[in-house]
Amino acid sequence: MTWVFGVLVFWIAAWLLNVRLSKLPKSPVIALLVPAIFGITLMVIWEAVVRGMEISPVLLPPPSAIAVRFANSLPTLWVDFVQTVIKGALSGYIIGCGAAFLTAVAVDRSPFLQRGLLPVGNFVAALPIVGMAPILVMWFGFDWQSKAAVVVVMVFFPMLVNTVQGLQSSDHMQRDLMRTYGASYPQALMKLRLPAAMPFIFNGLKICTTLALIGAIVAEFFGSPIRGMGFRISTEVGRLALDMVWAEITVAALAGSAFYGGVALLEKSVTFWHPSQRG
Amino acid sequence: MRSLAPVFTVVTAIFVLWYLAAVALNSTWAYDKAKRADVTLTFSQMVADTLAQDKPLLPAPHQVAKEIWKTTVLKKVTSKRSLIWHGWITLSATLLGFAMGTGLGTLLAVGIVHSRAMDMSVMPWVITSQTIPILAVAPMIIVVLNAVGISGLLPKAVISMYLSFFPVVVGMVKGLRSPDMMQMDQMRTWNTSPATVFWKLRLPSSMPFLFTSLKIAVAASLVGAIVGEMPTGAVAGLGARLLAGSYYGQTIQIWSALICAAALAASLVAIVGVVQKVTLKRMGMAA
């Protein structure tokens, strides 16, 4: 009971601190500090509730136990990370997004194909494509190639739709200006339409980062060599070693955030001119 | 209407590609069989065989269509082999998760818009939460909730909720903030309370944003429900059909479950679209 009571006090104190901090004038330090305090509070609540209510570690291990497990099994986690994220997700992401981009540029010259592809692409992007995973595992075998294939299929359509939309986003005045300059099609594409499409393209790339990780991990549930994050999660769940599962989740969360953050940084340097980046 | 012909062309092209791929992928097995039976196949025989195999690598569209027809119309709805029965199980988890996600998302958005502290502390974590590949953790959530004694719909709905609350939060925060300065000032000159501002101005002007988010959320929550069904031991639901099909190499069954899931997703999004049209029209906001 003391645990629960103590954590309530801590929670309220942290919240009051955050309310105070958020009233201060804006600064990068505060923008980082406030969510950090909130995150720490969540961790403390979690730890205290698990200890205070004596929840079995089989159901929900406390953060401290997860941290210990994480530190103790770094080699295993690294092997899984390489297998799933680098080999599966990243290669699939690059192939899928690249193929979608090239397709979008290829159909760009034909308004007929665009009008046909956009609705179909939007439709397919909303479908539960993860369901293709068992089929692709059947086709490409158990190793990372099948995971990459799942990722390719998952990221292709969101990326395609975004790129096609982006290429249409330059307005009439700008395109007319290009015509008065006597710019050829490739020139107009390189100088005007591709740069103008960048915010859309990066939106697609950012959506696809999470999709890529999900695809690579879920595909491992349908068969994998004896390494990989999805494999580890499903086997450790079976052994009720929940701390290991949470350690893998931590890796997945870190990898996902880093992946997303990396693309967002790249976006910032490429689309520095866009209003959303200047604000 | 202008886009009908292009869409039709693209869809036809997809079907043609599908048939070609089916012939190409299944031909190895067809030749293998012929070799064992000591017959040589002519090209047309080979094609005919590739489109009618029992466990093809890639079933042809008409085989899938036949399987769907067999498992929806010809089977009793209560039968465990009826896709409608499995679809209904998935659908109910989807809808429950969708409702929970929409509720949670709206609540969070209301809090974020009204409290600066909440905006600063919660919003970054909401975004971070989506970089965690939750689908990958789905089996654990299911197993753990089962161990606590919660089974059936709820665990799947929790995963759907996790996937669907995010678009709603983002859309609603944007929507609730969409009234411009002039409108907010107008409210202030009338000396309205924050509650009135919310009900009369913020909520109505967030509707277009809400519906766009709901379309994404409903599709996401179907994905969540399907993946949530996989680790429960393939008992029931479209996800279970996928898993069982992949265990036993029943490719036609996998594809028919997949097509049904696709049809379900499409109709859910379409329903939200219709509700959006009707609501916005009655509110006088139709584009």
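The values are calculated or read from the model by the stated rules, or taken from the named source; none is laboratory data. Here the structure is a predicted model, which is why all the values come from computation and not from measurement. Using ideal geometry, Cβ is built from the backbone for each residue, glycine included, and neighbour counts are taken over all protein chains shown.
Considering only the stretch B:244-252, I want to know if a residue exists there that is crowded, with 20+ Cβ neighbours inside 10 Å, outside any loop (DSSP other than H, G, I, E, B) and under 13 Å from the mean Cα position of the chain (by Cα). The answer is no; no qualifying residue exists.
Residues that are surrounded by 13 or more Cβ atoms within 10 Å (Cβ to Cβ) and among the polar types (S, T, N, Q) within the stretch A:15-55 comprise A:18, A:22, A:41, listed in sequence order. Looking at B:140, B:182, B:207, B:187, just one residue is touching an Asp or Glu at 6+ places or on another chain (Cβ under 9 Å), assigned to a helix (DSSP H, G or I) and more than 28 Å from residue A:32 (Cα to Cα), and that residue is B:140. For the stretch B:84-122, the set of residues classified as crowded, with 20+ Cβ neighbours inside 10 Å, closer than 10 Å to residue B:161 by Cβ and away from chain A (no Cβ under 14 Å) consists of B:101, B:102, B:105, listed by residue number.
Residues in the stretch A:64-87 that are among the aromatic types (Phe, Trp, Tyr) and closer than 28 Å to residue A:149 by Cβ were compared, and the one that is surrounded by the most Cβ atoms within 10 Å (Cβ to Cβ) is A:81. Does any residue of the stretch B:252-271 turn out to be assigned by TED's automatic domain parsing to the domain that holds residue B:104 and at positive phi? Scanning the stretch B:252-271 turns up no residue that is assigned by TED's automatic domain parsing to the domain that holds residue B:104 and at positive phi.
Per-residue answers, yes or no, for (1) more than 30 Å from the chain's Cα centre (by Cα); (2) surrounded by 16 or more Cβ atoms within 10 Å (Cβ to Cβ); (3) among the small types (Gly, Ala, Ser):
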| site | (1), (2), (3) |
| --- | --- |
| A:167 | no, yes, no |
| A:171 | yes, no, no |
| A:174 | yes, no, no |
| A:191 | no, no, no |
| A:197 | no, yes, yes |
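Of the residues examined, residue A:253 is one that is within 14 Å of chain B (Cβ to nearest Cβ) and either surrounded by 17 or more Cβ atoms within 10 Å (Cβ to Cβ) or hydrophobic (A, V, I, L, M, F, W, C) (or both). Just give me the residues in the stretch B:27-64 being part of a helix (DSSP H, G or I) and under 18 Å from residue B:258 (Cβ atoms), in sequence order. Across the stretch B:27-64, the qualifying residues are B:61, B:62, B:63, B:64.
In the stretch A:166-183, the residues that are in contact (Cβ under 8 Å) with a residue 12 or more places away in the chain form Cβ pairs under 6 Å with partners that are part of a loop (DSSP other than H, G, I, E, B), at six or more places apart or across chains, as follows: A:167/A:108. Of the residues making up the stretch B:253-270, not one is more than 10 Å from chain A (Cβ to nearest Cβ), surrounded by fewer than 19 Cβ atoms within 10 Å (Cβ to Cβ) and of a type outside the set (Gly, Ala, Ser).
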